1. Give the residues of the range 90-111 that are without any contact (Cβ under 8 Å) to a residue 60 or more places away in the chain and over 18 Å from Ala175 (Cα atoms), sorted by residue number.
2. Looking at the range 104-131, which of its residues are assigned to a helix (DSSP H, G or I), surrounded by fewer than 19 Cβ atoms within 10 Å (Cβ to Cβ) and not aliphatic (A, V, I, L, M)?
3. For the range 241-284, enumerate the residues that are in a helix (DSSP H, G or I), over 17 Å from the mean Cα position of the chain (by Cα) and farther than 21 Å from Ala305 by Cα.
4. With Arg293, Arg273 as the choices, which residue is surrounded by fewer than 22 Cβ atoms within 10 Å (Cβ to Cβ), in contact with a Phe, Trp or Tyr (Cβ under 9 Å, 6 or more places away or on another chain) and under 18 Å from Pro245 (Cα atoms)?
5. Just to check your reading of the model, which residue among Ala384, Ala342 is within 21 Å of Thr231 (Cβ to Cβ) and touching a Phe, Trp or Tyr at 6+ places or on another chain (Cβ under 6 Å)?
6. Got at least one residue in the range 191-201 being surrounded by 18 or more Cβ atoms within 10 Å (Cβ to Cβ), under 23 Å from the mean Cα position of the chain (by Cα), at pLDDT 90 or above and not assigned by TED's automatic domain parsing to the domain that holds Ile287?
7. Can you tell which of Gly321, Gly376, Gly380 is surrounded by 15 or more Cβ atoms within 10 Å (Cβ to Cβ) and small (Gly, Ala, Ser)?
Amino acid sequence: MSEPWVTIIGLHDGADSLPPASLDALRAAEVIIGPARHLGLLPQLPARQIVWPVPFADGLPILDGLRGQRVAVLVSGDPFWFGAGSVIAKALGPGEWRALPAPSTFALVAAALGWPLEATACLGLHAAPFARLWPHLVPGARVIVLLRDGAAVGALAVWLRAQGFGASHLHVCEAMGGPKARVRAVGADNYALEDVEHPVAVALEVAGEGRAFTLATGRADDFFAHDGQITKRPIRALAMSALAPRAGEVLWDIGGGSGSISVEWCLSHPSLRAICIEPRADRLATIRENVARFGVPVELVEGRAPEALAGLPRPDAIFIGGGLSEGLLAALEPLGGARLVAHAVTLESEALLAGWAARKGGHLMRVELAQAEALGRLRGWVPARPIVQWAGVL
């Protein structure tokens, strides 16, 4: 195994507080590469300095071109908590790098406020939508979020008000860990700060009368935009139970409709991804709206399965909500090991699943639901179309 030629050094707003190992690495480096702000914090050093470009990925070829030299890479705080460390480590080979982290911004903010970090949600929203916060918007919850810049703090306050959580308290934390550190408390309703500087984090104490987000699968149908083509809440809960998502997995959602299955899948764990296949352009627009509303990582594919499946990443689970056919099942059969859940609402598709179950085993279930509605001055049961579900492993 080769000796590390790259040292990833966590830095906050002052090099004077760096531990001896990090200072030694900087003094020994022939090249120091990092953001201009970080380079500006360094004392006089003999190493050549290179500004890491934007976008971040453009700096990886520059780093690779420095092989054969001792290189120090400057990053913010803990390189492996919403930091650049994992990207750099992936680009290099085993043994080519080492890391000297500083305390994370999350740790510094929690220490400043006296919050128990293990009971506080920590999110990186540099490039992610504010909708990622939605599952955490419960009165009394505490969340620490890393934001892109000072303007993003004001945008967050506006978004919170729009969700009905304008009563939330924001602790605006700037330049934590350095001599310019500053913490200011302000309400989302009366937010008016205009001098917030990067790097910035916000510690949020949630309050307000907004609609709290349930953590259970089978969210209410009116959480979603749809044209009536949506897997209804109780059926969606049954589908998610059968799909049985596990961390890090990929779902194919075939015949996406509103995309509700894809959304529910991704909400189950931050590491989950979904690919939603839908032939109709109008429904793709609805799916995009729901993906933006929930801030989930769903990839959209316009087309009809099985033709549209070519070249897609191999799935761990597959849901067929529309377009069920013998040809589609035959095309999926080579994906051995993938979990498959298929729904049928017509006699023809029911017969198809019945034959499939007879040949392949698995679990075949028929679900009939009825809802109480007004019947004159009284009430009666109004049945929904029965759903036949097949669940099994290919």
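The values are calculated or read from the model by the stated rules, or taken from the named source; none is laboratory data. Quick caveat, the model's predicted, so the values are computed rather than measured. Quick reminder, even Gly has a Cβ in these numbers, built from the backbone with ideal geometry, and neighbours come from all protein chains shown.
1. Scanning the range 90-111 gives Lys90, Ala91.
2. Answer for the range 104-131, where residues must be assigned to a helix (DSSP H, G or I), surrounded by fewer than 19 Cβ atoms within 10 Å (Cβ to Cβ) and not aliphatic (A, V, I, L, M): just Glu118.
3. Ser241, Ala242
4. Values: Arg293 fails: under 18 Å from Pro245 (Cα atoms).
Just one listed residue meets the conditions, Arg273.
5. Working: Ala384 fails: touching a Phe, Trp or Tyr at 6+ places or on another chain (Cβ under 6 Å).
Ala342 is the lone residue from the list that is within 21 Å of Thr231 (Cβ to Cβ) and touching a Phe, Trp or Tyr at 6+ places or on another chain (Cβ under 6 Å).
6. Yes, the range 191-201 has at least one match.
7. Gly321
Table: residues versus (1) surrounded by 12 or more Cβ atoms within 10 Å (Cβ to Cβ); (2) closer than 27 Å to Leu146 by Cα.
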position	(1), (2)
Val31	yes, no
Pro35	yes, yes
Trp52	yes, yes
Gly68	no, no
Val71	yes, no
Ser76	yes, yes
Phe82	yes, yes
